[in-house]
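Participant: Handing you a structure now.
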Amino acid sequence: MHSFAWWPTVIVLGVATFTDLRSRRIPNWLVLPFFAVGVAVSAWLHGWHGLGHSLGGAGLGLLLYGILFFMGGMGAGDVKLCAAIGAWIGPAQLIYALVFTGLVGGLMALAWAVWGGFLGELFQHAGDLAFGSKDDRGEAVLSNPRRRKMPYAPAIAIGTLISFFAH
């Protein structure tokens, strides 16, 4: 599946990175067809096993990034992009992609906070979330203003592309 997945994944990740950096959004017109084609190609190439493999990868991405979304630390576009990637590469490679994405994303967040001058606030909000502190509405969220939300598609792109070489 890797040979079929490489070029579509590279193209979609490039467009997603561009749109996320430009507008802080990953459009549905990009990720939903990518998801559908990933499921269809997996089923076409490998039958029922491929369909299960594809849906397992999508489900894993949706579950893990969905948790981060509901905690307020991830955008819905990131969740859908991760699920679509999972549909193409399956759950085993997606685990590698998510680990690399987390490492790259962590480094990017630190660089973003240092460059923006809000490193202390970043650690405070992460600590509040990790240790159960609440915001004004009583919810545990990563409550950074919009201007401090880091576009995460570049980290997803780098982590996913590294996973092609690590898996």
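The values are calculated or read from the model by the stated rules, or taken from the named source; none is laboratory data. Given the structure is predicted, the values throughout are model-derived calculations rather than measurements. Reconstructed Cβ throughout: ideal geometry from the backbone, glycine too, with neighbour counts over all protein chains shown.
Participant: Being over 14 Å from the mean Cα position of the chain (by Cα) and either free of Cβ contacts under 8 Å to residues at least 12 places away in the same chain or farther than 13 Å from residue 154 by Cα (or both): is that true of residue 36 here? Show your work before the answer.
Facilitator: Working: over 14 Å from the mean Cα position of the chain (by Cα): yes; either free of Cβ contacts under 8 Å to residues at least 12 places away in the same chain or farther than 13 Å from residue 154 by Cα (or both): yes.
So residue 36 passes the test.
Participant: With the checklist (1) modelled with pLDDT of 70 or more; (2) farther than 18 Å from residue 4 by Cα in hand, flag the one item residue 163 doesn't pass.
Facilitator: Of (1) modelled with pLDDT of 70 or more; (2) farther than 18 Å from residue 4 by Cα, only one is false for residue 163: (2).
Participant: Among the candidates 66, 56, single out the residue that is part of a helix (DSSP H, G or I), under 19 Å from residue 157 (Cα atoms), at pLDDT 95 or above and not polar (S, T, N, Q). Step through it out loud before you land on a result.
Facilitator: On the way: 56 fails: under 19 Å from residue 157 (Cα atoms).
Selected residue: 66, the only one of 66, 56 that is part of a helix (DSSP H, G or I), under 19 Å from residue 157 (Cα atoms), at pLDDT 95 or above and not polar (S, T, N, Q).
Participant: Here are 119, 64, 94, 60: which of them is crowded, with 22+ Cβ neighbours inside 10 Å and touching a helix residue (DSSP H, G or I) at 6+ places or on another chain (Cβ under 7 Å)? Lay out the reasoning, then the answer.
Facilitator: Details: 119 fails: crowded, with 22+ Cβ neighbours inside 10 Å; 64 fails: crowded, with 22+ Cβ neighbours inside 10 Å; 60 fails: crowded, with 22+ Cβ neighbours inside 10 Å.
Answer to the selection: 94.
Participant: So which residues in region 10-52 are at positive phi and assigned to a helix (DSSP H, G or I), if there are any at all? Show your work before the answer.
Facilitator: Step one: of region 10-52, the residues at positive phi are 24, 47.
Hit for region 10-52 is 47, nothing else.
Participant: Would a scan of region 6-27 turn up a residue that is farther than 17 Å from residue 154 by Cα and not hydrophobic (A, V, I, L, M, F, W, C)?
Facilitator: No: zero hits.
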